[in-house]
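The values are calculated or read from the model by the stated rules, or taken from the named source; none is laboratory data. Quick caveat: nothing in here was measured; it's all calculated off a predicted structure. A quick note on method: Cβ atoms are made from the backbone with ideal geometry, for glycine too, and the neighbour counts reach across all protein chains shown.
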Amino acid sequence: MNACLLFFCLSLSPGAPPADRWFAEDKFKHFFASFVVTSLSASGARAAGLTAEQSLAVGVGVGAGAGVWKEIRDARRPGETASVRDMVWDAAGVGAAGVVISRAR
């Protein structure tokens, strides 16, 4: 009986954490969130009267800062892990938004 109880308890224990894959739903969320934050920040700066170059710098700065902040927060919270791969996807989202913003007239 005790062996069965021990086996049952061990089978309920959490397994290994999921692998941090390059292509996963989480990575696409990082990309699009960074894209949106960068775009909205640049648009807000432009609406506030900054030049196109200045608004691009604001957007990229805010977008990059948000991604770094998220990973620092993840590193400090129990049960969460910071990920270099998440940062790469954040940077890709900021970069894509930067290209779109720089091409806008």
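Just a few scattered comments:
- Residue within the range 65-83 that is surrounded by 15 or more Cβ atoms within 10 Å (Cβ to Cβ), of a type outside the set (D, E, K, R) and assigned to a helix (DSSP H, G or I) present: yes
- Residue 53 meets all of the listed conditions (1) touching a helix residue (DSSP H, G or I) at 6+ places or on another chain (Cβ under 7 Å); (2) modelled with pLDDT of 95 or more but one, namely (1).
- Tally, over the range 46-94, of residues that are hydroxyl-bearing (Ser, Thr, Tyr) and touching a residue at least 60 places away in the same chain (Cβ under 8 Å): 2
- Across the range 95-105, the number of residues qualifying as under 13 Å from residue 37 (Cα atoms), touching a residue at least 24 places away in the same chain (Cβ under 8 Å) and not aliphatic (A, V, I, L, M) comes to 1.
- Filter result for residue 46 (surrounded by fewer than 15 Cβ atoms within 10 Å (Cβ to Cβ) and either touching a helix residue (DSSP H, G or I) at 6+ places or on another chain (Cβ under 6 Å) or over 17 Å from residue 27 (Cβ atoms) (or both)): no
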